[in-house]
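Student: Handing you this structure, nothing more for now.
The values are calculated or read from the model by the stated rules, or taken from the named source; none is laboratory data. Nothing here was measured: the structure is a model prediction, and the numbers come from that model. Here Cβ is always computed from backbone atoms with ideal geometry, including for glycine, and neighbour counts include all displayed protein chains. Quick note on the areas: whole protein, heavy atoms, side chains included, nothing else; ligands and nucleic acids left out. Shrake-Rupley method; radii C 1.70, N 1.55, O 1.52, S 1.80 Å.
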Amino acid sequence: MSTRLKINGRAVEVQAESDTPLLWVIRDEIGLTGTKFGCGAKLCGACTVLLDGEPIRSCSTPLSRCADRSVATVEGLSRNNSHPLQKAWIRHDVPQCGYCQSGQLMSAAALLARNKNPSDGEIDEAMKGNVCRCGTYVRVRAAIKTAAADMRGRKA
């Protein structure tokens, strides 16, 4: 079955069954491997991507739900780590094992798209579905605040 969607701003057409999880289309059909498989049950957030700007778990989202819609993956933030979130992630040494980071970054990107100055509580609420087994939650919060400040500064 042929399905059209937009990935990171680029129109693509993929051949896959309509019930194929978006994660496998992104990784296996399109070749973007930044998005990770974690639990496969929408519990850990490692596979988080944005569908029309909203964070979703790609491991359990069927391709049919994404037809003619826009998907953003971690590769879509920037190719050279120049996105304010990526720069803040590096500045605060957020990644440890790094496995959850693409999902963390996409949830954070969705948060900052709708809230340019999130409180600690708002950050914790937005990020609560993204599990980090290394326990970098304090660093994640600090990096989001740094990125938010950077993004506000660029627009001023």
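Student: Considering only the range 125-156, state which residues are β-branched (Val, Ile, Thr) and surrounded by fewer than 16 Cβ atoms within 10 Å (Cβ to Cβ).
Tutor: Residue satisfying the conditions is 138 alone.
Student: For the range 77-89, how many residues are in contact (Cβ under 8 Å) with a residue 24 or more places away in the chain and open to solvent by 40 Å² or more (accessible area, probe 1.4 Å)?
Tutor: Counting residues in the range 77-89 that are in contact (Cβ under 8 Å) with a residue 24 or more places away in the chain and open to solvent by 40 Å² or more (accessible area, probe 1.4 Å) gives 1.
Student: Can we say residue 44 is touching a Pro at 6+ places or on another chain (Cβ under 6 Å), part of a loop (DSSP other than H, G, I, E, B), farther than 12 Å from residue 105 by Cβ and open to solvent by less than 40 Å² (accessible area, probe 1.4 Å)?
Tutor: So residue 44 does not fit the description; no.
Student: Where in the range 54-140 are there helices (runs of 4 or more DSSP H), lying wholly inside it, with at least 3 residues that are acidic (Asp, Glu) and over 17 Å from residue 35 (Cα atoms)?
Tutor: Values: elements: 84-91, 101-114, 120-127.
Where helices (runs of 4 or more DSSP H) fall fully within the range 54-140 and carry at least 3 residues being acidic (Asp, Glu) and over 17 Å from residue 35 (Cα atoms), they are 120-127.
Student: Can you tell me which condition residue 32 does not meet? The list is (1) open to solvent by less than 20 Å² (accessible area, probe 1.4 Å); (2) of a type in the set (A, V, I, L, M, F, W, C); (3) in contact (Cβ under 8 Å) with a residue 40 or more places away in the chain; (4) in a loop (DSSP other than H, G, I, E, B), and all the others hold.
Tutor: Status for residue 32: all satisfied but (1).
Student: Of a type outside the set (S, T, N, Q), under 24 Å from residue 150 (Cβ atoms) and at pLDDT below 95: is that true of residue 91 in this structure?
Tutor: No; evaluated as a whole, the condition is false for this residue.
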